[in-house]
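**Student:** Before I ask anything, let me first share the structure, which is written out below as structure tokens.
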Amino acid sequence: MTSWAGNRAIQRGGRTLPALAALAVVAVLAVFPLAVTNATVTTIAVDTLVFAAAAVAWNIFSGYCGYISLGHAVFFGTGAYTIGIAARAWHLNGDPVFALLPLAGGVAAAVSVPLGLIALRVRRHTFVVITIAFFFIAQLAATNLSWTGGSSGILAPSPNWAATTFNDPFYYVGLALLVATTAASWLIRGSRFGLQLRAIRDDEDRAAGLGVRTMPVKLAAFVISAIVTGMAGGLWFYFIGQAIPQFAFDPLFDLSVVVMAFFGGLGTISGPLLGALIIEPAQQWLTLQYTNEYLSEILLGALFLAVILGLPRGVIPTAGEKITALRARRGRVPAREAVTQAGQAGQAAP
Amino acid sequence: MTALLRAEGVAKAFGGVQALQDCTVEVEQGAIAGLIGPNGSGKTTLFNIMTGYERVDAGDVYLGGRKITNQRPQRVFALGIGRTFQLTRIFPRLTVLENMLIATQHGVGRARNPLARAGGRAERRRALEMLEFSGIADHAGALADTLSYGQRKLLELSYVLVADPAIVLLDEPAGGVNPSLIQHLAGRIRELNAAGTTFLIVEHNMDFVMGLCGHVTVLDYGTVVAAGPPGIIRSDPRVLDAYLGVTEEDGDAATR
């Protein structure tokens, strides 16, 4: 427990440091393709950026307001198919395809509104089950509709870029998406809207009784999250070159994103980012290394168990606590003062 | 004086249990009113109906002459009815100050930039003043989860009050709270009442109710069995019946 003044100081100190850290990370990521030209590595890097953006976006909804969605693959796949169908219809290739990404986000948003209006009427396990049901409906629809290409899926345009720098456009678009999403997550968390989301996470009915219009707030977060996930799906599709229903609408997508967010810290800004930056490359590397894709899946499951059992709150919150405890032990927060304050408060309100 | 809050002929059943039946309760503007009755007599159900957490089967609720029957909780709060819960409900993973800011953002105005930083300077100042008033300002930066039970009660009361509601419904404010804090609480309620806030209080602690309230309504089996000043209620045979019919302890309290 810290005093109000002390807390303000911590907040001020806690603003510059993350900002500098974020700048450093962005700088490193920006020059990364210049330093590393190995196509295997940059391929993993693009994939990681896509998943990091998706994890941060998932966290804006599920992490902040506590509704665990296992149906975000619907938006990921919607984004993929949107790009595929639009690029084919308008005969686009090369850089202009990237200009379709906002469309992918828009279509995902349009899909998310009715889904949100239905699913957000219920809570907890029921909500989770409904989102899973949406996911299967979407996969079945993609397999069976004529204009989605059925089970053979849809091909992406293949740009004729030079092989040595082929991954770079995808990388930078992915980085831009990730930076924008993380900035949005940061902005939302500190905002009025973000406070309302976190209040809903803690006690939705109580929040309603304090004037929070819960449905519009939840729905807004759901839609924002869907927009980014749709754009990430569109980028992933263009990069991979093909979308078939079971990979565009992949249950492992949801599982991965959830593990990333839980691993790093649900509801934190940097947690899902950290989770994605560690887990996705590890998974890709394992798949390449052992050419057995099931190994990485088994390990993902094992990691999920380990995180839930051992680090239920994630790396970032746990590390934060450890640092605070260390500081207190070193005397940054004078222990005696804290005790006196607690004592005074105890007298006023035992 | 007209009633600020009035529930008129309210009925509510949960399956086969008739929780409220033709129940009419009025609270005068500027009053500290009490609502008592044995366990299961419908007090909390009436609170839930007045604040939009339950829908009525029949009857109406009026706030200052305006019909607010079956409005949703967020709307009821915006119209000026604040409430606390019997089992204290706070937001444990938000700081104490953040708890306060949830309510302030609605009392002040509505159509504002949702992406603006939570809590402007004025809102923060008001929130801190209110915490100062309830005596938990030292904990403003702490997670609400770290508060003691009594402090949580004070926090819940504070964040309801910070939006400056016309009337506050308190559901067992003194339940499970030590005597010195009960005195502290009663003092705060009197002070706020003098400043213009109306209160309706559900409470089992008879000394607290009788000492604080100018008007007491007694519920039993979902209907009003008596209403009037505490002096009269204390000796009303119907009230004694209602309480003695349930437990001896409650009966003792009513006759005290």
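No value in this document is a laboratory result; all are computed from the given coordinates. Keep in mind that this is a model prediction, so the values were computed, not measured. Cβ atoms come from the backbone with ideal geometry, glycine included; neighbour counts cover every protein chain shown.
**Student:** Taking Cα pairs under 8 Å and at least six residues apart, what relative contact order does the stretch A:18-172 come out at, in percent?
**Tutor:** Relative contact order for the stretch A:18-172 comes out at 33 percent.
**Student:** Specify whether the C-alpha gyration tensor of the stretch B:147-252 places it in the rounded, prolate or oblate class, a ≥ b ≥ c being the square roots of the eigenvalues: rounded for a/c under 1.5, otherwise prolate if a/b is larger than b/c and oblate if not.
**Tutor:** It comes out prolate by the Cα gyration axes.
**Student:** Then there is this: Sort B:Thr95, A:Thr164 so that the residue with the fewest other Cβ atoms within 10 Å of its own Cβ comes first and the one with the most comes last.
**Tutor:** Least to most surrounded, the residues fall as A:Thr164, B:Thr95.
**Student:** Counting C-alpha atoms alone, how compact is chain A: give Rg to one decimal and Dmax as a whole number, in angstrom.
**Tutor:** In order Rg, Dmax, the Cα atoms of chain A give 21.8, 74 Å.
**Student:** Further question on the same structure: Would you grab the residues whose amide H sits under 5 Å from the one on B:Thr95? Only those 5+ places off in sequence or on another chain, please, with H modelled 1.01 Å from N.
**Tutor:** Correct list: B:Ala144.
**Student:** Compute the projected area of the convex hull of the Cα atoms of the protein assembly as shown, averaged over all viewing directions, and report it in nm² to one decimal place.
**Tutor:** For the Cα atoms of the protein assembly as shown, the hull's average projected area reads 31.4 nm².
**Student:** Below 19 Å, Cα to Cα, which aspartates and glutamates can A:Lys218 reach? Residues fewer than 8 away in the same chain don't count.
**Tutor:** Excluding near neighbours in sequence, the set is A:Asp202, A:Asp203, A:Glu204, A:Asp205, B:Glu98.
**Student:** For the stretch A:89-170, taking Cα atoms only, what is the radius of gyration to one decimal and the Dmax to the nearest whole Å?
**Tutor:** 17.3, 50
**Student:** Here's something else I'd like to know. Using the count of nearby Cβ atoms within 10 Å as a rough guide to exposure, how do A:Ile227, A:Ile188 rank from fewest to most?
**Tutor:** Fewest to most other Cβ atoms nearby, the residues stand as A:Ile188, A:Ile227.
**Student:** Report the equivalent ellipsoid semi-axes for the stretch B:1-58 in whole Å, largest first, defined as the square roots of five times the eigenvalues of the gyration tensor built from alpha carbon atoms.
**Tutor:** Equivalent ellipsoid semi-axes, largest first: 21, 12, 9 Å.
**Student:** Among A:Trp186, A:Trp58, which comes first, second and so on when ranked by fewest other beta-carbon atoms within 10 Å?
**Tutor:** A:Trp186, A:Trp58
**Student:** Then there is this: Show the residues, 5+ positions off or on another chain, whose built amide H is closer than 5 Å to the amide H of A:Ser191.
**Tutor:** Result for A:Ser191 returns B:Ala118.
**Student:** Once you average over the residues of A:183-191, how many Cβ atoms of partner chains fall within 10 Å of each Cβ?
**Tutor:** Across the residues of A:183-191, the mean count of other-chain Cβ atoms within 10 Å is 2.
**Student:** Just want to confirm a number: the relative contact order over chain B, from Cα pairs under 8 angstrom separated by 6+ residues, in percent.
**Tutor:** 26 percent
**Student:** Something else about it: Helix A:101-119 against the longest principal axis of chain A: what's the angle in degrees, Cα atoms only, rounded to the nearest 10?
**Tutor:** That helix lies at roughly 60 degrees to the long axis.
**Student:** At a threshold of 8 angstrom on Cα-Cα distance, excluding pairs fewer than six apart, so keeping six or more, what relative contact order does chain A reach in percent?
**Tutor:** Here the relative contact order equals 29 percent.
**Student:** Also: Give me, ordered by chain and number, the residues 5 or more places off B:Leu169 or on other chains with an amide H under 5 Å from its own placed amide H.
**Tutor:** B:Gly82, B:Arg83, B:Thr84, B:Leu200
**Student:** Taking R0 as 35 Å, what's the FRET efficiency between A:Arg327 and B:Arg117 from their Cβ-Cβ distance, rounded to 0.05?
**Tutor:** Calculated value: 0.85.
**Student:** So what's the angle, to the nearest 10 degrees on a 0 to 90 scale, between helix B:121-134 and the longest Cα principal axis of chain B?
**Tutor:** The answer is roughly 40 degrees.
**Student:** Using only the alpha-carbon atoms, how far is helix A:73-90 inclined from the longest principal axis of chain A? Give it as 0 to 90 degrees, nearest 10.
**Tutor:** Taking the Cα atoms of chain A, the angle to A:73-90 is about 40 degrees.
**Student:** Is it possible to state the helix-based mean residue ellipticity at 222 nm for chain B, with each DSSP H run of 4+ residues giving -39500 (n - 2.57), the sum divided by total residues, to the nearest 500 deg cm²/dmol? What is it?
**Tutor:** Mean residue ellipticity, 222 nm, calculated: -11000 deg cm²/dmol.
**Student:** Continuing with this model, one more query. Specify, per residue and in Å³, the volume enclosed by the convex hull of the alpha carbon atoms belonging to chain B.
**Tutor:** It is 133 Å³ per residue.
**Student:** ³J(HN,Hα) across the stretch B:60-75 via Karplus (A = 6.51, B = -1.76, C = 1.60, θ = phi - 60°), whole Hz, x for Gly/Pro?
**Tutor:** Those phi angles translate into 9, 10, 10, 10, x, x, 9, 6, 10, 4, 6, 6, 6, x, 5, 6 Hz.
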